[in-house]
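Beneath this line is the structure, given in structure tokens, with notes to follow.
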Amino acid sequence: MNPAAFFRSDAVHRVLKRASEAACTPISVHFVDGEEERPPLGGIGACALCRHVSELPDGIATCLKSRLPASKQAIRTGKPAPFLCHMGFACVSTPAFDNDTRGLVITLGPFCPSEAPETLADDAMRGLRALGDKELPFLPVPVTDIALVSAAAVPAIAEWVTETLTELWNREQDAAVTSPNAVDDTDSPRRRTVRRAKGRTPDTSPYRGAEIAAALAAGNQSQARTLLRSSVLDVTNQGEILAVRRARTIAVVGAALEAAERAGLETSDSWEEFPAFLAAVRQARTDSELVTGAMALLAIVLRRTARATTDGALAELNRIVMDKLPDSVQLNEVAQRLGRHPTAITHQLQRKFGLSYSQYVGRLRIDMAKDLLRRTRLSIQDVARRVGIDDASNFSKLFRRFEGVSPAQYRTQFRSKR
């Protein structure tokens with residue numbers, strides 16, 4: 001599938017629509033080629049002021065001039081790039097895909113940072129006057145559809161968009177290569193490369209949507225809550241921590257619902273309740289309220305899954321692994337207790353959630369460790385033993401593989417944000 005067809009697909013439209021609703025902003029998709037930007041490949045929504053500006057003689061060109069540097073920065077760094085547009089409003093550009101060099105960029109905005117709501121009308125007037133009408137007496141269109149949003153929220157949602165679109169794109173590419181209608185060039189380098197790529201253990205999402213979805217599929221609400229809380233608390237940004245955690249909560253829940261949907265769980269009722277969840281997040285004042293609001297939404301998936309076709313084998317796998325932690329949980333032993341072949345278990349986890357067995361168990365160990373590092377003053381060696389790893393060096397290597405920092409660095413970072 002080529003990028004143009006990909007961004008016209010229903011699956012991508014749903015992702016962009018959900019992101020637009022979560023961020024309370026319009027979304028556009030552009031292809032950037034050097035110093036040029038081609039016409040949009042797609043998008044969701046547009047505010048009245050932007051439509052008005054696009055009809056002015058220099059409106060589109062001026063808009064592009066303010067957006068292009070941020071788009072190039074997003075492509076270069078692989079991260080969301082916040083910027084102010086020529087009207088003085090906040091926007092965020094983010095690469096459409098992880099580690100991609102094709103120049104596809106998603107832009108969320110405009111919005112007005114809720115930290116400075118009084119500047120909305122003044123910014124709009126200055127922007128319009130700069131475009132030609134120096135004597136403009138009043139705004140020609142309302143600006144009530146430009147939302148007040150925390151400055152930290154939109155970049156977090158932008159990261160979720162990049163992550164989700166990357167996953168969708170990779171699945172589409174794999175499906176195209178392995179399609180029965182594809183040329184069966186078994187010995188071609190392309191086929192061999194794809195087979196090797198599909199065999200690698202994928203990197204764990206920073207939002208842990210797959211792990212949360214797996215816990216929901218297993219009917220384990222307690223584990224889902226633990227994973228959710230761990231993800232929400234893993235905020236490295238300084239400053240307005242609550243605002244960042246609100247944004248991260250939205251992104252984590254969105255990633256979990258997307259992963260649950262891909263795994264075949266029933267998510268329609270949760271998506272219908274998503275606007276109410278967003279309102280609850282914006283009103284939350286504590287971490288506990290954020291987690292409670294998020295779990296109220298995810299619990300709908302758990303209840304619908306339990307009423308429909310709960311995966312009994314996965315639920316039993318989850319129970320056995322959790323019961324045996326922090327002791328050894330060898331795949332062969334677990335498979336024997338389940339009466340299943342080890343390969344069947346690994347295929348199920350990989351197919352539904354993109355997780356290997358070792359990644360699944362390792363993730364549970366590290367989340368247990370992170371909770372201990374946050375709540376206790378146990379030494380690193382003692383934390384390692386509590387989660388079933390006798391060697392502190394091996395524990396640190398595993399921790400760094402999942403978290404990107406050592407256990408000691410994680411504890412220091414967490415305490416510095418309290």
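Values quoted throughout were computed directly from the atomic coordinates according to the rules given, and no laboratory measurement underlies them. It should be emphasised that the depicted structure is a prediction, and the values quoted were computed from it without experimental measurement. With ideal geometry, Cβ positions are generated from the backbone for all residues, glycine too; neighbour counts draw on all protein chains shown.
Among the trypsin sites (Lys or Arg not before Pro) found in region 79-155, those both in a DSSP coil and sparsely packed, with 15 or fewer other Cβ atoms within 10 Å of their Cβ, are R102, K134. Sketch the reach of a paramagnetic label on D33 as a point 7 Å from Cα along Cα-to-Cβ, and name the residues of region 48-89 whose backbone nitrogen lies under 19 Å away. Label zone hits: 61, 64-65, 68-69, 71-73, 75-76. Placing dummy labels 7 Å off each Cα toward the beta-carbon, the span from T77 to L148 is 2.8 nm. Rounded to the nearest 5, the antiparallel percentage of DSSP beta bridges internal to the chain is 90%. In sequence order, region 73-84 has phi-based couplings of 5, 4, 5, 5, 8, x, 10, x, 10, x, 7, 9 Hz under the Karplus curve 6.51 cos²θ - 1.76 cosθ + 1.60, θ = phi - 60°, and Gly or Pro positions carry x. A Förster distance of 51 Å, applied to the separation of the beta-carbon atoms of L242 and Q381, puts the FRET efficiency at 0.90.
On average, how much area does the Cα convex hull of region 3-150 cover when viewed from any direction, in nm²? Display every interim value, and only then the final one.
Values: hull surface 34.7 nm².
With every direction weighted equally, the projected area is 8.7 nm².
The length gained by stretching the chain between S358 and F138 to full extension, at 0.36 nm per residue less their Cα-Cα distance, is 72.9 nm. With the simple model of a label 7 Å out from the Cα in the direction of the Cβ, Q409 to M322 spans 3.2 nm. Magnitude of the charge dipole for the chain, about its Cα centre and with charges confined to Cβ atoms of Lys, Arg (+1) and Asp, Glu (-1), is about 1440 debye. Translational diffusion of region 250-363, estimated by Stokes-Einstein from the Kirkwood radius over alpha carbon pairs at 37 °C in a medium of 0.692 mPa s, is 209 µm² per second. Residues in region 314-324 carry Karplus couplings, in order, of 5, 4, 5, 4, 4, 5, 5, 5, 5, 5, 7 Hz; the curve used is 6.51 cos²θ - 1.76 cosθ + 1.60 with θ = phi - 60°, and Gly or Pro positions show x. Distances between every pair of Cα atoms in region 47-124, grouped in 10 Å steps from 0 to the bin holding the largest one, split as 19, 45, 29, 6 percent. The distance between label points at Q330 and T286 comes to 4.6 nm (points 7 Å beyond Cα on the Cα→Cβ vector). When the alpha-carbon atoms of region 9-80 are used, the pair Rg, Dmax equals 13.2, 36 angstrom. Expressed in Å, the radius of gyration and Dmax of the Cα atoms of the chain are 23.2, 80. Look at E115, E266, E35 and count the other Cβ atoms within 10 Å of each Cβ; fewest to most, that gives E35, E115, E266. Between D390 and R303, the C-beta separation translates, for a Förster distance of 35 Å, into a calculated FRET efficiency of about 0.30. Karplus-derived 3J(HN,Hα) values for region 256-267, using 6.51 cos²θ - 1.76 cosθ + 1.60 with θ = phi - 60°, are 5, 5, 4, 5, 5, 5, 5, 7, x, 7, 7, 10 Hz; glycine and proline are entered as x.
What Kirkwood hydrodynamic radius, in Å, does region 336-418 give when the mean of 1/r is taken over all pairs of distinct Cα atoms and then inverted?
On the way: mean 1/r = 0.0716 Å⁻¹.
Averaging 1/r across every pair of different Cα atoms and inverting gives 14.0 Å.
Taking other C-beta atoms within 10 Å as the exposure proxy, H347, H52 rank H347, H52 from fewest upward.
With the charge dipole of the chain set up from +1 on Lys and Arg Cβ and -1 on Asp and Glu Cβ about the Cα centre, the Cα lying farthest toward the positive end among the listed residues A81, Q350, V29 is that of Q350.
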